[in-house]
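J.: Encoded as structure tokens, here's the structure I'll be asking about.
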Amino acid sequence: MRRLLLLASVAIAHPRNPQTESIRFCEAYVQCAAVALLEERLCLGNSLLRPYWLPDSRDKHNCHEKLRNDYIKLEKMEEKLDTMLTSCLIKNTVPFNEQQMKQCDAATLKSAAKFSYGRSIYYVPTHCFTGVEKRRERECGRVQSCCAAVPKW
């Protein structure tokens, strides 16, 4: 029985790679920044079910339906920009040093806002109208500090 427990604990525990850890935090930062932007946009519409950019559902000109394809294109462009930013950060990041390996842990990674499903969230954001930058600082600051490729302003 002792051998089995020892074998199981050895299989689970594995050393963290300084390079891949740094990359994970950069990827988490990009997603967190995208979530912060979405949250601030949802604050403008103040509705989970109705995107901020759609006009009133009683619109007699049916503008929201006419603009639907344009907003789908914009969404795809934002996804592409996020992918490009992630690639750039990964290319320019450096492996963690010992101090960063201690500071940038699983709790820090968990602190970053994430999409619930696809590129959407299943909650109505709080602390509205603080601005995208302040929201990004508040929600993504910890993971941003663990991604060396993100410029410090």
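J.: First measure r as the distance between the Cβ atoms of Ser87 and Lys66, then evaluate 1/(1 + (r/R0)^6) with R0 = 41 Å and state the FRET efficiency to the nearest 0.05.
T.: 0.75
J.: Only counting other Cβ atoms within 10 Å, I'd like His61, His127 sorted with the fewest neighbours first.
T.: Sorted ascending by nearby Cβ count, the order is His61, His127.
J.: Between the alpha-carbon centers of the stretch 133-152 and the stretch 66-90, tell me the distance in whole angstrom.
T.: Value for the Cα centre distance between the two parts: 20 Å.
J.: If r is the Cβ-Cβ distance from Asp105 to Glu79 and R0 is 30 Å, what FRET efficiency results, to the nearest 0.05?
T.: It comes to 0.55.
J.: Moving on. Rounded to the nearest 0.05, what FRET efficiency do Phe129 and Leu37 have when you use their Cβ-Cβ distance and R0 = 22 Å?
T.: Rounded to the nearest 0.05, the efficiency is 0.95.
J.: Ranking Asp105, Asp82 by Cβ neighbours within 10 Å, fewest first, what do you get?
T.: By the 10 Å Cβ count, ascending: Asp105, Asp82.
J.: Still on this structure: With only Lys, Arg, Asp and Glu charged, each at its Cβ (+1 for the first two, -1 for the last two), find how big the charge dipole of the stretch 17-145 is about the Cα centre; round to the nearest 20 debye.
T.: For the stretch 17-145, the charge dipole is close to 220 debye.
Readers should treat all values here as calculations from the given coordinates under stated rules, not as data from a laboratory. As the structure is a prediction and not an experimental result, all values here were calculated from the model. Methodologically, a virtual Cβ is constructed for each residue, glycine included, from the backbone with ideal geometry; neighbour enumeration extends over all protein chains shown.
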